[in-house]
Amino acid sequence: MFHKALELEFKNGTELELTFQDGKVKRYDMSLLFEKYPQLLLFLKVAYEATIFI
């Protein structure tokens, strides 16, 4: 069974925090996937730009 994500929040650097419909909150480090999926490097750019403009 797959639960739908209700919230997505960017955390430090390349970490994402997801809140699922069953109430569970999980953090994922997207940098672990950069080698296999180089297009995810865009997350790094977004995270960097977000810290500059805050």
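Points worth noting:
- Just so you know, in the stretch 1-16 the residues that are at pLDDT 85 or above and hydrophobic (A, V, I, L, M, F, W, C) include one that is surrounded by the most Cβ atoms within 10 Å (Cβ to Cβ), and it is Leu16.
- Those residues of the stretch 17-28 which are without any contact (Cβ under 8 Å) to a residue 12 or more places away in the chain and either part of a strand (DSSP E or B) or surrounded by 10 or more Cβ atoms within 10 Å (Cβ to Cβ) (or both), in sequence order: Glu17, Val25, Lys26
- Thr19, sole failed condition from (1) at pLDDT 90 or above; (2) within 9 Å of the chain's Cα centre (by Cα): (2)
- Scanning the stretch 12-42 for residues that are more than 22 Å from Phe2 (Cβ to Cβ) and not hydroxyl-bearing (Ser, Thr, Tyr) yields Asn12, Gly13, Phe34, Glu35, Pro38, Gln39, Leu41, Leu42.
- Selection over the stretch 29-43 of residues that are surrounded by 14 or more Cβ atoms within 10 Å (Cβ to Cβ) and outside any helix (DSSP H, G or I) gives a count of 1.
The values are calculated or read from the model by the stated rules, or taken from the named source; none is laboratory data. All of these numbers come straight from a predicted model, not from anything done at the bench. Virtual Cβ from ideal backbone geometry, glycine too; neighbours counted across all protein chains shown.
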